[in-house]
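Each value in this text was obtained by applying a stated rule to the coordinates, not by laboratory testing. These figures come from a predicted structure and were not determined experimentally. Note: ideal-geometry Cβ built from the backbone for every residue, glycine included; neighbour counts use all protein chains shown.
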Amino acid sequence: MLNSNSLRKLDMQDLMVFVAVYEQNSVTGVSETLSVSQSTVSYCLKKLRNGFEDELFINTRTGGMQPTGKASAMYPHALKILESINLCHAGSPAFDPGLQAVTFNLCAPEYFEQLILPRLLKTFALADLPVTVNVLKLEADIPAEALREGSLDLVMCFGPNFHRRHVDFKSRTLLEDDLVCVFDKRATPAEPRLSLHTYVERRHVFPTPWTSATNMVDGWLAQQAKQRQIVARANSYSAALKLITGTDYALTLPRRIQRLLASTDTFNHCEAPEGLPGFTLDMQWSQSVDQDSANTWLRAQVIQACAVQETA
């Protein structure tokens with residue numbers, strides 16, 4: 001039985017619109033993907049909002065249709081409903097992680113390992129699921145062939161436009177973040193936001209949590225006709241923090257990583273120079289496994305772990 005009469009008015013197209021808007025953040029994109037008019041998408045959204053008594057998606061100027069907390073909580077369940085309908089049609093069994101041990105192979109930067117993977121594994125542990133996750137370090141470009149052939153299930157990478165696009169891959173933005181400048185407490189500049197001049201005058205430690213010949217900071221500095229002096233390169237965020245301890249070196253970190261790892265007993269931070277761009281953490285998967293029940297389940301778990309991170 002349904003909790004509300006208004007839920008009886010919903011149909012499969014409404015749920016398809018919900019999932020598509022959640023994944024694409026765009027009414028126009030959903031209209032093209034589902035081959036329906038924008039007015040149909042709007043009508044479905046109206047029915048969904050009435051049925052679930054929530055705005056579900058908020059239209060923003062820069063980020064498109066952003067989901068509310070309720071929409072984020074609903075998403076994995078809506079995916080499961082559509083998956084179940086497809087399985088009823090196909091007659092194949094749904095993936096159940098509790099029935100047998102399963103191993104998922106991911107490619108991801110340290111950013112994902114520090115922020116999202118611990119929550120993901122905790123969820124599996126609390127549910128006593130026999131799930132193993134292997135993580136391959138992200139390099140300059142995503143391992144496209146491994147994703148296509150199935151030796152990798154998912155790739156976590158940075159955006160926007162840091163990696164070459166592949167038309168046969170699907171993508172979803174998981175998190176947004178920006179950069180801050182971290183210092184030993186005894187060597188923190190007085191200015192709350194660093195000027196470009198102060199930033200390039202300091203010597204820097206550079207963490208390399210993913211393998212690439214270029215990075216977003218130095219690429220931006222080059223556009224300003226500036227460059228910084230890097231005195232050391234570390235293989236991890238934690239090692240980079242140790243390298244600046246007791247020095248006047250600067251360390252540029254994602255804000256979420258700074259909050260997680262840079263203890264306020266030892267470190268302070270300043271806002272980065274005006275104009276230094278932020279970034280996104282994106283998830284990519286092969287179109288060939290888009291309807292695969294195990295891959296769909298894993299993607300839903302990752303999205304849910306990111307939703308928890310957003311509210312933490």
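Scan the stretch 174-217 for residues that are over 20 Å from Leu261 (Cα atoms), of a type in the set (D, E, K, R) and touching a residue at least 12 places away in the same chain (Cβ under 8 Å) and jot them down. Within the stretch 174-217, Glu191, Arg193, Arg202, Arg203 meet the criteria.
Scan the stretch 135-162 residue by residue and report those that are within 23 Å of Gln301 (Cβ to Cβ) and part of a loop (DSSP other than H, G, I, E, B). Answer for the stretch 135-162, where residues must be within 23 Å of Gln301 (Cβ to Cβ) and part of a loop (DSSP other than H, G, I, E, B): Leu138, Ile142, Pro143, Gly150, Ser151, Leu152, Asp153. Starting from residues that are within 24 Å of Leu79 (Cα to Cα) and surrounded by fewer than 14 Cβ atoms within 10 Å (Cβ to Cβ), keep the ones in the stretch 130-148 and report whichever is farthest from the chain's Cα centre (by Cα). Filtering the stretch 130-148 for residues that are within 24 Å of Leu79 (Cα to Cα) and surrounded by fewer than 14 Cβ atoms within 10 Å (Cβ to Cβ), the one farthest from the chain's Cα centre (by Cα) comes out as Pro130. Touching a residue at least 12 places away in the same chain (Cβ under 8 Å), assigned to a strand (DSSP E or B), β-branched (Val, Ile, Thr) and farther than 18 Å from Pro277 by Cβ - does that describe any residue in the stretch 166-173? Checking the stretch 166-173: not a single residue is touching a residue at least 12 places away in the same chain (Cβ under 8 Å), assigned to a strand (DSSP E or B), β-branched (Val, Ile, Thr) and farther than 18 Å from Pro277 by Cβ. Answer yes if at least one residue in the stretch 182-200 is closer than 20 Å to Arg255 by Cβ, assigned to a loop (DSSP other than H, G, I, E, B) and under 18 Å from the mean Cα position of the chain (by Cα), and no otherwise. No, there is no match, as no residue in the stretch 182-200 is closer than 20 Å to Arg255 by Cβ, assigned to a loop (DSSP other than H, G, I, E, B) and under 18 Å from the mean Cα position of the chain (by Cα). Whenever a residue of the stretch 9-28 is without any contact (Cβ under 8 Å) to a residue 24 or more places away in the chain and among the hydrophobic types (A, V, I, L, M, F, W, C), its partners that are assigned to a helix (DSSP H, G or I) and surrounded by fewer than 20 Cβ atoms within 10 Å (Cβ to Cβ), lying with C-beta atoms within less than 9 angstrom and at least six residues away or across chains, give the pairs Ala20/Gly29; Ala20/Thr33; Ala20/Leu34. Taking the listed residues Ala78, Ala108, Ala71, Ala127, the one that is of a type in the set (Gly, Ala, Ser) and either surrounded by fewer than 18 Cβ atoms within 10 Å (Cβ to Cβ) or in contact with an Asp or Glu (Cβ under 6 Å, 6 or more places away or on another chain) (or both) is Ala127, with no other qualifying. When the stretch 10-45 is limited to residues that are hydroxyl-bearing (Ser, Thr, Tyr) and part of a helix (DSSP H, G or I), the one that is surrounded by the most Cβ atoms within 10 Å (Cβ to Cβ) turns out to be Tyr22.
Just one residue in the set Leu129, Leu99 is over 18 Å from Arg299 (Cβ atoms), among the aliphatic types (A, V, I, L, M) and outside any helix (DSSP H, G or I); that residue is Leu99.
When you scan the stretch 105-123, do you find a residue that is free of Cβ contacts under 8 Å to residues at least 40 places away in the same chain and not in a helix (DSSP H, G or I), even just one? Checked against the condition, which is being free of Cβ contacts under 8 Å to residues at least 40 places away in the same chain and not in a helix (DSSP H, G or I), the stretch 105-123 yields no hits at all.
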